[in-house]
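Read-outs: derived from the displayed coordinates by stated rules, not from any lab. This structure is a prediction, so every number in the text was calculated from the model and none was measured. Backbone-built Cβ (ideal geometry, glycine too); neighbour counts: all protein chains shown.
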Amino acid sequence: MNEKYNSPLSSRYASEYMLHLFSQEKRVQIWRRLWVALARAEHKLGLPVTAQQVAELETHIEDVDFDCAAAREKEVRHDVMAHVYAYGKVAPSAAGIIHLGATSCYVTDNADLILYREGLRYLRQELLGVMANLAAFAKEYRAMPTLGYTHYQPAQLVTVGKRATLWLQDFWSDLEELDYVLGSLKLLGCRGTTGTEASFIELFGGSHEKVLEMNRMICEEFGFDGCYDVCGQTYPRKVDSRILNCLSAIAQSAYRMANDIRLLQHDHQIEEPFEKNQIGSSAMAYKRNPMRSERICSLARYLMADAMNAPMTASVQWLERTLDDSANRRISMPEGFLCADAILRLAQNVTDGLHVNEKIVEKEVREYLPFIATENLLMEGVKRGGDRQQLHEVIRQCSMEATARMKDGLSCDLLSRLSAHPAFAMTETEMEAVLDPKLYIGRCPEQVDAFLHKLSPLLAKVPVGSASLHV
């Protein structure tokens, strides 16, 4: 185990569910289910396939001899035919009718589509878990003022909860895209070597109706609405591009959120979960690094880059089929799912345990609030008979002086400077009366409430805080 390379996605990051989903065992069992579905349809439509043969195949779906298949593949250099051979060994009465009329892509491509559908469904639940955590966090801090930033420079106040809805809205967009991809997935069906279904027209004596019914029966067995209207030997590789684009979108949203958390943790305003015995640094024992958020960003970069594989593959599909997609897809598609799974597991964990250092948030607000309040002070000064342009210049000069003082490590004295200026007919006490942070958060609480109300039907049944800390 330790003497060979092992992908970190499988050894460290992805869930057991996703690892099993893309295992060789799961894939080959789906191949066998597809062979059973084909044989069942052929039997019902009058081909020389008996009910006993179908039953024997069905009995041995999970009876896979991988050693037998591997030995056979060394001889024939073809993985699908090696598994046809191994299946025939455990179901001898049906050996002669396995894969009847089909090409390799019948099992490989249809199995991929089935796996991708299951993978997307699983990721959907993980994504909803992240969204439910963020919704609970946004609700709790809907009205807590915090310093907003533009260009990562102090700007106007927002609320902690309102900021979380920005992350939540990104994930909602990803969910909508994922649902569209899921809803549009179809099967390849059994279409033959160049997608013409010629082999089945021959088998069914020229009956187009039976060919259509055969594919309808296979689709129904696997819960698909139908097949792609036209295809070559494979299903359209644009499907892979659409799927990886969807996974990349999730990575983009997770990166944005995790990077924001890293910035806020630098300022000690918000922190990701930190366990009792967790070590932040091998040398600096005092450190609390945002390890999980950093890992989200790291994995997200990989997934966004991985998503480029699919469009490059889709764009070079020669005519009805080329095989230069195969080796790439064996890596890029499963790894994309494993990486998205890892990112969402981490995101669930982080959003479940976000800690707000409220006193530090309040301190940051208090420090910059005099600057933020200057517009209101300007208006009040005009009401008291001041000249708007003159007051604006006074505020500009005093702000620069107060900022310079703060850069020397001293406290902000902007209000005392403004109140001492004769152009302002206001005392420092009067100015302090307008320094209530809640006067400067606009409609943040109402925006959070309205947004969460809109999401509530979607998140009503999603458990909050189910993620393990050990990720």
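First measure r as the distance between the Cβ atoms of Ala460 and Ile331, then evaluate 1/(1 + (r/R0)^6) with R0 = 35 Å and state the FRET efficiency to the nearest 0.05. E(calc), rounded to 0.05, equals 0.35. In whole percents, the pair-distance distribution calculated for the chain from its alpha-carbon pairs, binned every 20 Å from zero, is 20, 39, 25, 12, 5, 0.
Potential lengthening of the chain between Ser298 and Ser184 amounts to 38.0 nm, from the contour at 0.36 nm per residue minus the alpha-carbon distance. Computed from label points 7 Å out along Cα-Cβ, the spacing between Glu220 and Asn259 is 5.1 nm. Could you work out how far the C-alpha centroid of the stretch 386-427 sits from that of the stretch 310-330, in angstrom? A separation of 66 Å, based on Cα centres. Per-residue extension of 0.36 nm, minus the Cα-Cα distance of Met312 and His392, leaves a gain of 23.2 nm for this segment. Each part reduced to its alpha carbon centroid, the stretch 122-151 and the stretch 182-253 end up 39 Å apart. Placing pseudo-labels 7 Å out from each Cα toward the beta carbon at Ala51 and Ala305 gives an inter-label distance of 5.8 nm.
Helical content alone sets the calculated 222 nm signal of the chain at -20500 deg cm²/dmol, taking -39,500 (n - 2.57) per DSSP H segment of four or more residues and averaging over every residue. Taking every C-alpha pair closer than 8 Å and separated by at least 6 residues, the mean separation divided by the residue count of the stretch 374-434 gives a relative contact order of 33 percent.
Under 5 Å between amide hydrogens, built in the peptide plane, is the criterion, and for Tyr149 it picks out Ala155 among residues at least 5 positions away or on other chains. Among complete DSSP H helices in the chain, those whose alpha-carbon atoms stretch at least 24 Å along the helix's long axis and whose mean Kyte-Doolittle hydropathy reaches -0.5 are 104-140, 160-184, 238-266, 326-352. Residues of the stretch 230-245 with the amide nitrogen closer than 19 Å to a label point 7 Å from the Cα of Thr193, along Cα-to-Cβ, please. Correct set: 231-235. A crude spin-label estimate for the pair His421 and His208, with each label 7 Å from Cα along the Cβ direction, gives 8.4 nm.
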